[in-house]
Amino acid sequence: MPASNPWSELQAELVQREEAGLLRRRRLVDGQQQSVLHVDGTDVLSFCSNDYLGLASHPDLIAALQQGAVQAGVGSGASHLITGHHRLHHELELALAGFVELPRALMFSTGYMANLGVVTALLGRNDAVFADRLNHASLNDAVVLSRAELHRYPHNDVAALEAMLANSDAKRKLVLADAVFSMDGDIAPVPQLLAVCERHNAWLMLDDAHGFGVLGQHGRGVLEHFGVRSSRIIYMATLGKAAGVFGAFVAGDPLMIEYLLQKARPYIYTTAMPPALAEALKAALPIIADEQARRAKITALIAALRGGLRLQRWRLDPSETPIQPLIIGSNEEALAASEYLREQGILVPAIRPPTVPQGTARLRISLSAAHRHEHIQQLIDALHGAERALSA
């Protein structure tokens, strides 16, 4: 039998993806992240960004980044456990722990790395993970790498989770959940999840990538939103979304954080992020806490969008967060809707399987405090036009 040609196999897979409407393409952005972006050579109104509070181009953060570069240069030079852990990193970890009101925090370069680091450090072959079926891909990948036994419970189904935990005799048990689900915008039932973990001696890890800075009176995230605290909680949040910069952190019990510092491979074996970014993030925290008008504006924009849409076939699923999922159904129609909006000067991404379940391709609308009310009306009018055009 002749040997297969791996290059032709790769080409065939790419062709299949394109025919199924699943081929992804990058867009080229120029200039700062703002509500109006210069993309692929033209200005568009963007509803794609996770810059929920509009901090990515905030002058105070830019000035702090510049000052940080003066103090520490543009690179850390080494991993945290060699010579890369700068004073600016240390100050940020202290500030983050204080901000989310947890005893200790540990910086990671990305949320993906943080999730991999926590799960693989804590769990192995004799342990079990109980994960929401709609969790982010990084959490799913982390479980595979840990080699722990995986149990996936139906989305936000606390009763099903409890039954799984009750039937498990694993040495260590970890419940994994997005705090705000990235494709649906809904919030995990954290108090109920915590109560189940307490009854069955499990840890609860919350990925608050899309809640940090947005939820809670002072933007401290999902724990402030629900008013919960527990040494069982392992809290992860990213810093490239509402915080406007880059990076991630894990916070929780001091013993847990020390264990991760010693055992989390994505922390140990990578170069520390540039210290200047830590200085910019320190500048972001008081803005997040004090400028509550930014969160109030997002709430008003959400209400305007949801109140103004009168769609016949497409469905805007419930969400009280900046992530507003407009369910269209087929991959082809979702792509066509996104392209129609693009022709109107509006950028909204089409999200398709495997990122979301089959038959739920959607437009993922992301709102920001940088948007104006006239932007929302422009989007509403364009969506009505898109549905009419694609129904003809």
Within the range 41-65, the residues that are surrounded by 14 or more Cβ atoms within 10 Å (Cβ to Cβ) and touching a strand residue (DSSP E or B) at 6+ places or on another chain (Cβ under 7 Å) are VAL44, LEU45, SER46, PHE47, CYS48, SER49, ASN50
Just checking, which of ARG199, ARG133 is at negative phi, basic (Lys, Arg) and touching a helix residue (DSSP H, G or I) at 6+ places or on another chain (Cβ under 9 Å)?
ARG199
Go through (1) surrounded by 24 or more Cβ atoms within 10 Å (Cβ to Cβ); (2) within 17 Å of ALA97 (Cα to Cα) one by one and return the number of the condition GLY244 breaks.
(2)
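Identify all residues within the range 18-43 that are within 25 Å of THR360 (Cβ to Cβ) and touching a helix residue (DSSP H, G or I) at 6+ places or on another chain (Cβ under 8 Å); write none if there are none. Break it down into steps so the answer makes sense when it comes.
Going through the range 18-43, the residues within 25 Å of THR360 (Cβ to Cβ) turn out to be 18-27.
Passing the criteria: ALA20, GLY21, LEU22, LEU23.
So if I check each of ALA382, ALA336, ALA350, which one is surrounded by fewer than 18 Cβ atoms within 10 Å (Cβ to Cβ), without any contact (Cβ under 8 Å) to a residue 60 or more places away in the chain and in contact with a Leu (Cβ under 6 Å, 6 or more places away or on another chain)?
Details: ALA382 fails: surrounded by fewer than 18 Cβ atoms within 10 Å (Cβ to Cβ); ALA350 fails: surrounded by fewer than 18 Cβ atoms within 10 Å (Cβ to Cβ).
Of ALA382, ALA336, ALA350, the one residue that is surrounded by fewer than 18 Cβ atoms within 10 Å (Cβ to Cβ), without any contact (Cβ under 8 Å) to a residue 60 or more places away in the chain and in contact with a Leu (Cβ under 6 Å, 6 or more places away or on another chain) is ALA336.
For residues that are more than 22 Å from LYS297 (Cα to Cα) and of a type outside the set (Lys, Arg), tally how many sit in the range 158-216. Walk me through it before giving the result.
Kept after step one, since they are more than 22 Å from LYS297 (Cα to Cα), are these residues of the range 158-216: 158-178, 188-207.
When the remaining residues are screened for being of a type outside the set (Lys, Arg), the result is 158-170, 174-178, 188-198, 200-207.
So the answer is 37.
Restricting attention to the range 11-40, which residues are closer than 30 Å to LEU277 by Cβ and not in a loop (DSSP other than H, G, I, E, B)? Talk me through it step by step, then tell me what you get.
Initial filter on the range 11-40 (closer than 30 Å to LEU277 by Cβ): 24-40.
The answer is VAL29, ASP30, VAL36, LEU37, HIS38, VAL39.
With the requirement that a residue be aromatic (Phe, Trp, Tyr) and farther than 24 Å from PRO325 by Cβ, what does the range 1-55 give you?
Step one: of the range 1-55, the residues aromatic (Phe, Trp, Tyr) are 7, 47, 52.
Passing the criteria: only TRP7.
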Sort out which residues of the range 21-40 are exposed (fewer than 15 other Cβ atoms within 10 Å of the Cβ) and under 20 Å from ALA337 (Cα atoms), and write them in order of number.
LEU23, ARG24, ARG25, ARG26, ARG27, ASP40
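Condition test on PHE99, is it touching a Leu at 6+ places or on another chain (Cβ under 7 Å), aromatic (Phe, Trp, Tyr) and closer than 14 Å to LEU206 by Cβ? Lay out the reasoning, then the answer.
Numbers: touching a Leu at 6+ places or on another chain (Cβ under 7 Å): yes; aromatic (Phe, Trp, Tyr): yes; closer than 14 Å to LEU206 by Cβ: no.
Here the answer is no, as PHE99 does not meet what is asked.
Given the residues ASP43, ASP51, ASP60, which is the only one that is of a type outside the set (A, V, I, L, M, F, W, C) and in a helix (DSSP H, G or I)?
Criteria check complete, one pass: ASP60.
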If the Cβ limit is 9 Å and pairs must be 6+ apart or interchain, which residue in the range 278-305 that is more than 19 Å from PHE99 (Cβ to Cβ) pairs with which residue that is of a type in the set (Asp, Glu)?
THR299/GLU320; ILE302/GLU320
Just to check your reading of the model, which residue among GLY84, GLY98, GLY41 is of a type outside the set (A, V, I, L, M) and touching a Ser or Thr at 6+ places or on another chain (Cβ under 6 Å)?
GLY84
Please go through the range 266-312 and give me each residue that is among the charged types (D, E, K, R) and surrounded by fewer than 21 Cβ atoms within 10 Å (Cβ to Cβ), ordered by number.
LYS282, ASP290, GLU291, LYS297, ARG306, ARG310
Any residue at all in the range 148-165 that's at positive phi, surrounded by 15 or more Cβ atoms within 10 Å (Cβ to Cβ) and within 17 Å of the chain's Cα centre (by Cα)?
no
All helices (runs of 4 or more DSSP H) inside the range 273-378 with 3 or more residues being over 20 Å from the mean Cα position of the chain (by Cα) and assigned by TED's automatic domain parsing to the domain that holds HIS218:
275-290
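Which is in the same structural domain as PRO254 (by TED's automatic domain parsing), at pLDDT 95 or above and either surrounded by fewer than 16 Cβ atoms within 10 Å (Cβ to Cβ) or β-branched (Val, Ile, Thr) (or both), of GLY117, GLY77, GLY68, GLY84? Steps first, answer last, please.
Numbers: GLY117 fails: either surrounded by fewer than 16 Cβ atoms within 10 Å (Cβ to Cβ) or β-branched (Val, Ile, Thr) (or both); GLY68 fails: either surrounded by fewer than 16 Cβ atoms within 10 Å (Cβ to Cβ) or β-branched (Val, Ile, Thr) (or both); GLY84 fails: either surrounded by fewer than 16 Cβ atoms within 10 Å (Cβ to Cβ) or β-branched (Val, Ile, Thr) (or both).
Among GLY117, GLY77, GLY68, GLY84, only GLY77 is in the same structural domain as PRO254 (by TED's automatic domain parsing), at pLDDT 95 or above and either surrounded by fewer than 16 Cβ atoms within 10 Å (Cβ to Cβ) or β-branched (Val, Ile, Thr) (or both).
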Quick test of your reading of the structure: LEU94 fulfils all but one of (1) over 13 Å from MET273 (Cα atoms); (2) surrounded by 14 or more Cβ atoms within 10 Å (Cβ to Cβ). Name the failing condition by number.
(2)
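The values are calculated or read from the model by the stated rules, or taken from the named source; none is laboratory data. What you see is a predicted model; the values in this text were computed from it and never measured. FYI the Cβ positions are ideal-geometry reconstructions off the backbone, even for glycines, and counts take in every protein chain you see.
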